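Read-outs throughout are calculated quantities, based only on the coordinates presented, and are distinct from any laboratory measurement. Just so it is clear, the structure is predicted and the values come from calculations on it, not from any experiment. Heads up, the Cβs are rebuilt from the backbone with ideal geometry, glycines too, and the neighbour counts pull from every protein chain shown.
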Amino acid sequence: MGNIVGAAIVSHHPGLFRPKEIRVEMGNGRDSDLLEGYQRVRARLDAVAPDTLIIIDTHWFTTAKHVVAGGEHYQGTYTSDEMPWILYDMPFDYDGAPELAKEIGRVAEERQVPFYNAENPHIHPEYPTVNLLEPLWRGERILRVGICQNAKAHHFLEMGAVLGEAIRRSDSRAVILASGALSHRMTDLDFKPRNPRFWHPDNMSDPRHVELDHEVMAAWERGDHAAVIDRYPELRAAAYEGLAGHYMQLVGALGGRECHAPGTALSEYESALGTANIHIWFNLGEEQ
Ligand SMILES: [Fe+2]
């Protein structure tokens with residue numbers, strides 16, 4: 001019987017993939033803490049020894065159906081069309097999780113959840129997946145999950161529940177990585193930094209979003225996921241990345257409102273062009 005052995009929200013923003021000396025300069029003499037944070041996330045992964053990473057990819061928007069990339073293997077070279085001066089010529093070469101993807105399809109059909117298992121190998125990963133490979137991936141199978149752009153809160157929770165049930169019916173030891181930011185309203189091109197450290201939360205686009213993010217993180221720390229789910233409209237208003245579908249599908253897989261897994265911050269809370277980035281690990285009691 002399969003099991004979800006860990007879950008986390010992780011940042012993937014492109015600034016982290018600039019050369020270290022540039023990051024330190026941008027950070028007014030100190031690197032972004034999200035880099036060391038990746039090592040802390042990897043230590044948690046090592047402790048639970050997953051064989052499969054479910055990456056909920058907040059740049060992969062789908063329409064009319066929830067979609068996973070259920071191919072056997074993905075190989076290629078990634079260059080971002082959004083920030084090609086930072087993310088270019090990045091090789092990727094990893095096994096998918098086709099059996100798990102088929103199981104997700106069976107559960108979705110039983111539950112009448114609109115779903116498509118995309119086995120076409122030409123669907124290339126976006127950078128919320130590719131950027132995690134170097135810092136976090138150590139050969140596990142990878143199953144990418146998209147964000148259905150016309151889903152409501154309950155749809156994301158239902159799809160998450162499908163993921164959770166399919167994992168239990170499989171033989172996978174899975175960790176779910178929700179790859180994306182919290183509030184995600186960018187500053188515009190005229191923005192003058194309020195703090196010389198680019199990554200400092202003073203440089204967030206809207207202090208009200210910072211306040212919301214801290215309230216959400218406090219609820220996670222208490223393991224009060226119902227409180228966060230209830231605030232979904234506020235998450236949308238603060239432009240949580242991927243329509244907050246990364247977190248909502250993650251928590252749906254963990255039991256939705258009944259989930260009480262406490263969240264632990266594994267990095268500082270940082271701004272990147274006004275968006276909120278942090279790594280948070282949800283303890284499912286599986287650590288050795
Ligand atoms: Fe992003």
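Show that you can apply the helix-only estimate: for the chain, add -39,500 (n - 2.57) for every DSSP H stretch of four or more residues, divide by all residues, and state [θ] at 222 nm to the nearest 500.
Value at 222 nm, helices only: -10500 deg cm²/dmol.
For the stretch 165-178, take each phi angle, set θ = phi - 60°, evaluate the Karplus expression 6.51 cos²θ - 1.76 cosθ + 1.60, and give the result in whole Hz per residue in order, putting x for glycine and proline.
For the stretch 165-178, the Karplus-derived couplings read 5, 5, 4, 4, 6, 8, 10, 7, 9, 10, 10, 9, 10, 8 Hz, x marking Gly and Pro.
Restricting to the chain, compute how many DSSP beta bridges are antiparallel as a %, nearest 5.
Here the share of antiparallel DSSP bridges comes out near 40 percent.
Report the net charge of residues surrounding Val24, where surrounding means a beta-carbon distance below 11 angstrom and charges are Lys +1, Arg +1, Asp -1, Glu -1.
+2
Could you give the angle, 0 to 90 degrees to the nearest 10, between helix 98-110's Cα long axis and the longest principal axis of the Cα atoms of the chain?
The angle comes out near 70 degrees.
When the Kirkwood hydrodynamic radius is evaluated over all pairs of different C-alpha atoms of the stretch 3-282, what value in angstrom, to one decimal, is obtained?
18.7
Once Lys and Arg get +1 and Asp and Glu get -1 on their Cβ, which of Leu132, Gln149, Pro91 lies farthest toward the positive end of the dipole of the stretch 43-183?
Most positive-ward Cα: Gln149.
Lysine pairs in the stretch 3-282 8 or more apart or on different chains: how many have alpha carbons under 29 angstrom apart?
4
Name the most mobile residue of Arg208, Arg144, Arg236, meaning the one with the largest mean-square fluctuation, in a Gaussian network model of the chain with Cα contacts below 10 Å.
Fluctuation is largest for Arg208.
Among Glu36, Glu140, Glu211, whose mean-square fluctuation peaks in a Gaussian network model of the chain (Cα, cutoff 10 Å)?
Glu211
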